[in-house]
Amino acid sequence: MTGRVIGIDAGGTKLLAGVLDERLDVQHRSLRLWRGRDLAGVLDTMVEAVDEARSVAGDIEAVGFGIPALVSPDGVARFSTHLPLEGVHFRLLMEERLELPVFVDNDANLAALAEQRAGSASGLSDVVMLTLGTGIGGGLVLGGRLYRGSRGLGAELGHMVIEMDGPPCQGNCPGRGCLEVYASGPGLGRAGAHAAAASPTSALGRALASGQVITGEVVSEIALGGDPVAQEAVASVGRRLGVGLVTIANVFNPEAIVVGGGAARTGEMLLEPARAVVAARALPPVRDGLLIVHAAFDADAGMVGAGVLALSRGDC
Ligand SMILES: [Zn+2]
């Protein structure tokens, strides 16, 4: 027994692999782009990453995968928008190819697990995680265990409606006014573009005038550079996020809500206005003592969570 496992975070564009020991120290990591976007290309890239990690680390006990899909308890990918994994019996297929025990779960669930076991919410038993990226991923750890819903499809917190007649949601979601419309990377980009048009002499406004596309990343960058207009755009998204957090707090009464992902890289600039909304609107016994914190692992969260999944042999 070496106590070493491999954790793989399979994102929409790239794959991050890490070798982790029992203390969750990352001993080796590698990042690679998908070899091809069809199923064979995706699976081959995963096998390649595991083989490489094994050649460096030696004996490996198990492999954990975080994939951008809803995963049923038997390890079948049920619904996947970013990778061609829908209907694939992922666990079985990978066990055959790798000849190792394989465990698989949704990437946002695993990010929550990483933060609850070893990150910003370490040691707490009721933790909600939101990952603000292209969409919004949600993960729930309740009573110390991942909550997956009746069919493994639970915790899509980004599709919580905060405006009944709001704009249509993204991707396959038939909803309107979901939190994801406002507080994802594209949502931050829209808030920034609106602010830039209204304040053409600001740094953000000049970026727009120079022909730059105002994405969430651009807004974050310019806000971190000190532009008050970009900072107010971030704060406005923070207040929308706060409205979503009020519902999360009232429904789950967690000890901590952890916020991560690329669209949250402004940190306190986004979280402080969100906390103010929660302080004003959540039920008092629920909001008292509630931590709203930035993620500790960020880009590593899914990979570390996949390692936790492998170390616990799926029992988490
Ligand atoms: Zn939605």
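The values are calculated or read from the model by the stated rules, or taken from the named source; none is laboratory data. It should be emphasised that the depicted structure is a prediction, and the values quoted were computed from it without experimental measurement. Glycine gets a Cβ as well: all are built from the backbone with ideal geometry, and neighbour counts include every protein chain shown. All accessible areas refer to the heavy atoms of the entire protein, side chains included, with ligands and DNA or RNA removed. Shrake-Rupley method; radii C 1.70, N 1.55, O 1.52, S 1.80 Å.
With respect to the conditions (1) within 27 Å of E115 (Cα to Cα); (2) β-branched (V, I, T); (3) more than 16 Å from the ligand (Cβ to nearest atom), T201 lacks only one, and its number is (1).
Which members of the stretch 196-227 meet the condition of being touching a residue at least 40 places away in the same chain (Cβ under 8 Å) and touching a Leu at 6+ places or on another chain (Cβ under 6 Å)? Lay out the reasoning, then the answer.
Going through the stretch 196-227, the residues touching a residue at least 40 places away in the same chain (Cβ under 8 Å) turn out to be 216-217, 220, 223-224.
Residue satisfying the conditions is G216 alone.
If the requirement is being outside the structural domain of S80 (by TED's automatic domain parsing), closer than 24 Å to H82 by Cβ and not aromatic (F, W, Y), which of these qualifies: L204, L224, L157, L142?
Numbers: L204 fails: closer than 24 Å to H82 by Cβ; L224 fails: closer than 24 Å to H82 by Cβ; L142 fails: closer than 24 Å to H82 by Cβ.
Every option except L157 fails the conditions.
Does P68 qualify as being touching a His at 6+ places or on another chain (Cβ under 6 Å) and either touching a residue at least 40 places away in the same chain (Cβ under 8 Å) or of a type outside the set (S, T, Y) (or both)? So P68 passes the test. Suppose we keep only residues that are aliphatic (A, V, I, L, M) and within 15 Å of the ligand (Cβ to nearest atom) within the stretch 135-167. Which one would you say is surrounded by the fewest Cβ atoms within 10 Å (Cβ to Cβ)? Among residues in the stretch 135-167 that are aliphatic (A, V, I, L, M) and within 15 Å of the ligand (Cβ to nearest atom), the one surrounded by the fewest Cβ atoms within 10 Å (Cβ to Cβ) is M164. No other residue among R78, R23, R35 is surrounded by fewer than 21 Cβ atoms within 10 Å (Cβ to Cβ), among the basic types (K, R) and within 19 Å of the chain's Cα centre (by Cα) apart from R78. When the stretch 169-195 is filtered for residues that are free of Cβ contacts under 8 Å to residues at least 12 places away in the same chain and within 10 Å of the ligand (Cβ to nearest atom), only P174 remains.
A count restricted to the stretch 99-125 and to residues that are part of a helix (DSSP H, G or I) and over 17 Å from L311 (Cα atoms) stands at 1. Residues of the stretch 81-133 that are of a type in the set (S, T, N, Q) and open to solvent by less than 10 Å² (accessible area, probe 1.4 Å): N109 alone.
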